[in-house]
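Take a look at the structure below.
Here, each number is a calculation from the coordinates, and none is a lab measurement. Since the model is a prediction, treat every value here as computed from it, not as a measurement. Cβ coordinates were reconstructed from backbone atoms using ideal geometry, including for glycine residues, and neighbour counts include every protein chain displayed.
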Ligand SMILES: NC(=O)c1ccc[n+]([C@@H]2O[C@H](COP(=O)([O-])OP(=O)(O)OC[C@H]3O[C@@H](n4cnc5c(N)ncnc54)[C@H](O)[C@@H]3O)[C@@H](O)[C@H]2O)c1
């Protein structure tokens with residue numbers, strides 16, 4: 001029996017990258033999965049590619065996590081169409097990197113909006129279901145950039161904000177059987193880091209090789225590394241873990 005059989009997992013920003021890898025992982029382990037992303041057809045395509053087990057279903061939902069009406073509609077649709085909600089992975093994210101003196105208000109608002117407001121709106125909508133059933137798991141995506149990263153004042157502030165948000169929800173929701181944790185990935189090979197390579201004037205391969213050399217484990221991270229961590233934190237074996245941020249970075253932050 002799959003670890004997530006009978007569970008409904010909602011993942012934001014799951015049309016590609018880490019979110020899609022997590023959707024694949026939860027599907028493999030028996031979950032029904034809602035793929036939420038900006039573009040409904042990209043979300044539906046991703047949902048159609050998931051390796052579902054017997055009896056499980058997947059849907060793709062188009063929603064902008066910074067829009068309260070979108071979020072409320074999306075969560076209602078998940079519960080109606082998949083029959084409940086047990087796990088929320090707040091994964092949707094963007095970068096708008098720039099040094100402080102060149103960072104626009106829009107760069108700031110967009111990044112803080114998607115990461116912080118997005119996680120807030122999704123968690124608020126999900127908790128209504130979690131509290132009434134006295135069960136739920138929230139996993140938020142932070143980043144090693146929370147510790148400070150040149151050119152990412154907006155992103156670092158948002159990702160450290162996610163850690164405070166995670167700790168606070170753990171305190172508020174723990175009494176209702178809800179665990180709230182965060183993952184802080186290091187470099188993970190996705191379109192997000194490929195775009196950073198382009199901004200730095202490096203090829204994708206050069207950027208990955210350079211990053212791998214500086215990492216104690218000697219490789220870059222893959223979306224499956226984060227998917228495995230999300231599955232662990234969302235599983236019942238981790239039910240005594242809450243309010244934590246787990247750094248999954250090949251040792252980059254301890255080197
Ligand atoms: N790739 C890395 O190295 C890395 C490292 C640390 C943390 N993270 C975090 O992991 C998460 C996933 O990153 P990724 O590398 O897979 O990124 P990605 O750019 O490949 O995918 C992000 C997804 O989020 C979606 N999205 C963006 N804004 C949205 C919105 N307003 N509403 C709904 N969906 C939205 C995008 O359409 C996209 O499908 C992000 O929160 C990111 O900050 C990534």
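Couple of notes before you dig in:
- Among 193, 66, 242, residue whose mean-square fluctuation peaks in a GNM of the chain (springs only between Cα atoms under 10 Å): 193
- Burial ordering of 37, 107, 80, 249, fewest other beta-carbon atoms within 10 Å first: 80, 107, 249, 37
- Between helix 17-28 and the chain: long-axis angle, C-alpha atoms, 0 to 90°, nearest 10: 30
- Evaluated at q = 0.26 Å⁻¹: base-10 log I(q)/I(0), Debye formula over Cα of region 124-213: -1.23
- If you run the Gaussian network model on the chain, springs between alpha carbon atoms under 10 Å, then out of 185, 175, 51 the most flexible one is 175.
- Debye-sum result for region 1-150 in log10 I(q)/I(0), which assumes one identical scatterer on each alpha carbon, at q = 0.15, 0.21 Å⁻¹: -0.73, -1.28
- Three semi-axes describe the equivalent ellipsoid of region 33-109; taken as square roots of 5 times the Cα gyration tensor eigenvalues and ordered largest first, they are 30, 14, 10 Å.
- Residue with peak Gaussian network fluctuation, the chain [Cα springs, cutoff 10 Å], from 36, 18, 144: 144
- The chain: angle of helix 153-173 to the longest principal axis, Cα-based, in degrees nearest 10: 30
- Cα pair count fraction exceeding 24 Å, expressed as % - region 81-180: 29
- Here 160, 1 are placed in order of increasing Cβ neighbour count within 10 Å, fewest first, which gives 1, 160.
- 11 Å reach of a label modelled at residue 213, 7 Å along Cα-to-Cβ, counting backbone N of region 179-205: none
- Tensor-based shape of region 188-228 (alpha-carbon gyration tensor, a/c under 1.5 rounded, otherwise prolate or oblate): oblate
- Our summary of shape: the Cα atoms of the chain have principal axis extents of 47, 38, 35 Å, ordered from largest down, in whole angstrom.
- Available extension along the chain between residue 100 and residue 199 is 34.0 nm, counting 0.36 nm per residue and deducting the alpha carbon span.
- Percent of alpha-carbon pairs separated by more than 25 Å within region 153-255: 29
- Cα-based helix-to-principal-axis angle, 68-82 vs the chain, degrees rounded to 10: 50
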